[in-house]
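> Please find one structure pasted underneath; my questions will follow.
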Amino acid sequence: MPAPRSKSHNAQFAAGIVMLLVQVAFAGWHVLGKMALNQGISPLFFALVREGGASVVLLVSALIFDGRPKLPTRREIFIFIILGFLIFINIVGFILALNLVSPVTAAIYQPMIPVWTALFAVIFKMEPANPMVLFGVLLSVTGAVIASMSDEGEGTPSSGGDGSNRTLLSDEAPLLLSSFNASDTLNLRESALILATQHLSAVSHYTLLGHMILLVQTFSLGILYLVQKQIVHEFPALTSTAWYYSIGSSFTAITCLFYFQSYKDIMEQGHYLHNTSVQIGVLYAIFVATAFTYGGSTWANRQTHATIVSLYTVLQSPFTLILSVCFLGTVPRIRDIVCMLLIIVGMALVVGSKLKEEKKGQIESGSHGSHTIRVDYHPVQEEDKRNM
């Protein structure tokens, strides 16, 4: 009995390490993805290149490491289609939103993923309604949201996180100045105010759209972790990820054909791939932010609870802050450190609670097993007495 338990604990520990690395990879994607999109490439075309390339990498990796692929049954095909649609919403939704809001704003919403997972796991009775788990999720999400918002001052959602307001207004200023004489100062001020108001209104509209997309994106990934549980033990991790991600890529390809109207319009986006920032973003997205992250998440979901796997996504916000400190020279605030401690405590509550549940289940299972052995043993003992 101790050996299987030790193996289970080792697997869960390994799953935790993998999910930590996955969140670091996602944090880097928030920054590099925004840099690539700032070059002017269409978010949908970027998603198409990312998903197409990642599908090839995952399929080849599955053939190499998992051997001959297992063909899914009708039921499994249906589940893979659902997973493909959910990953399509997640990938395309995040890239579209990242084009409308700052990376920090995008990171704020990611802690919603474990909320959706925990909520629907309880609703559909896939996991017990443990108050300690729910409290731990709430604590971690609170810390992650506040930690992300603490960096919001340098790139607010209304500015798109890249100073676009200042750039547009500064570009329009010479036009305004050339339209007025020096004596028309009042009209100049009024016109500048009208221009600024109209621009901020337009930016606010797109920012609100970005927030709505992020809400749907986090919902899709939170549900994906639960649906994946229905099939995750039937296929190797890479094979399972390759199947549903390839289906998701086909949804993206169909969407691009409708959006760009023609194959020629899609090919015209290809010249952006000569840009260094776009090339770095695409390669990182394919190999690190897709093949590694989703392959690793699928493997981790085989080893532990879906709620725990999704809970690790709250670490994207503090990891983004840490990367900013290391590479951008950002000075952390006391509030940021406190929020990180909240996240760690919340994760400890959830993981500790789940481990206690498993230990209790193993003890109960062991006691039932020993009882069965004793019941089977007594009749044999009585028969021996009669023979004597």
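> Residues of segment 71-85 being open to solvent by less than 100 Å² (accessible area, probe 1.4 Å) and outside any helix (DSSP H, G or I), which ones?
72, 73
> Right, here's the next one. Give just the number: which of (1) exposed (fewer than 14 other Cβ atoms within 10 Å of the Cβ); (2) modelled with pLDDT of 85 or more does residue 275 not satisfy?
(1)
> So, one more: Name the residues in segment 55-70 that are out of contact with any helix residue (DSSP H, G or I) (no Cβ under 8 Å at 6 or more places or on another chain) and surrounded by 13 or more Cβ atoms within 10 Å (Cβ to Cβ), would you?
Scanning segment 55-70 gives 56, 60, 63.
> Which ones in segment 260-272 are of a type outside the set (S, T, N, Q) and either without any contact (Cβ under 8 Å) to a residue 24 or more places away in the chain or loosely packed, with under 13 Cβ neighbours inside 10 Å (or both)? Steps first, answer last, please.
So the first thing to find is which residues in segment 260-272 are of a type outside the set (S, T, N, Q), and the list is 260, 263-268, 270-272.
Within segment 260-272, 263, 264, 265, 267, 268, 270, 271 meet the criteria.
> Can you find even one residue in segment 235-244 that is among the aliphatic types (A, V, I, L, M) and farther than 19 Å from residue 47 by Cβ? Walk me through how you get there before you give the answer.
As a first pass, look at segment 235-244 and keep what is among the aliphatic types (A, V, I, L, M): 237-238, 242.
Keeping just the survivors that are farther than 19 Å from residue 47 by Cβ gives 237-238.
Looking for residues that are among the aliphatic types (A, V, I, L, M) and farther than 19 Å from residue 47 by Cβ, one finds at least one in segment 235-244, hence yes.
> Show the residue pairs that are 6+ apart or on different chains and have beta-carbon atoms under 8 Å apart, the first residue being within segment 31-56 and touching a residue at least 60 places away in the same chain (Cβ under 8 Å), the second being of a type in the set (D, E, K, R).
Listed by first residue and then by second, the contacts come to 34/162; 38/162.
> Which one is modelled with the highest pLDDT among residues in segment 1-49 that are assigned to a loop (DSSP other than H, G, I, E, B) and among the aliphatic types (A, V, I, L, M)?
First, pick out the residues of segment 1-49 that are assigned to a loop (DSSP other than H, G, I, E, B): 1, 38-42.
Next, only the ones that are among the aliphatic types (A, V, I, L, M) stay: 1, 41.
Details: 1: 41, 41: 93.
Checked segment 1-49; the qualifying residue modelled with the highest pLDDT is 41.
> Restricting segment 329-367 to residues that are open to solvent by 50 Å² or more (accessible area, probe 1.4 Å) and polar (S, T, N, Q), which is modelled with the lowest pLDDT?
Residue satisfying both the conditions and the ranking: 367.
> While we're looking at this one, here's another question. Quick one: count up the residues across segment 39-54 that are over 13 Å from residue 247 (Cα atoms) and either surrounded by fewer than 17 Cβ atoms within 10 Å (Cβ to Cβ) or charged (D, E, K, R) (or both).
Number of matching residues: 3.
> Same structure again: How many residues, within segment 105-156, are of a type in the set (Ser, Thr, Tyr) and either modelled with pLDDT of 80 or more or open to solvent by 40 Å² or more (accessible area, probe 1.4 Å) (or both)?
4
> Could you tell me which numbered condition residue 246 fails, if it satisfies all but one of (1) open to solvent by less than 30 Å² (accessible area, probe 1.4 Å); (2) more than 21 Å from residue 115 (Cβ to Cβ)?
Exception for residue 246: condition (1).
> Filter segment 279-323 down to the residues that are over 17 Å from the mean Cα position of the chain (by Cα), of a type in the set (Val, Ile, Thr) and surrounded by fewer than 21 Cβ atoms within 10 Å (Cβ to Cβ) and list them by number.
Listed by number, the residues that qualify are 280, 322.
The values are calculated or read from the model by the stated rules, or taken from the named source; none is laboratory data. Source: prediction; values computed, not measured. Cβ atoms come from the backbone with ideal geometry, glycine included; neighbour counts cover every protein chain shown. Areas reflect the complete protein model, heavy atoms only, side chains present, ligands, DNA and RNA absent. Shrake-Rupley method; radii C 1.70, N 1.55, O 1.52, S 1.80 Å.
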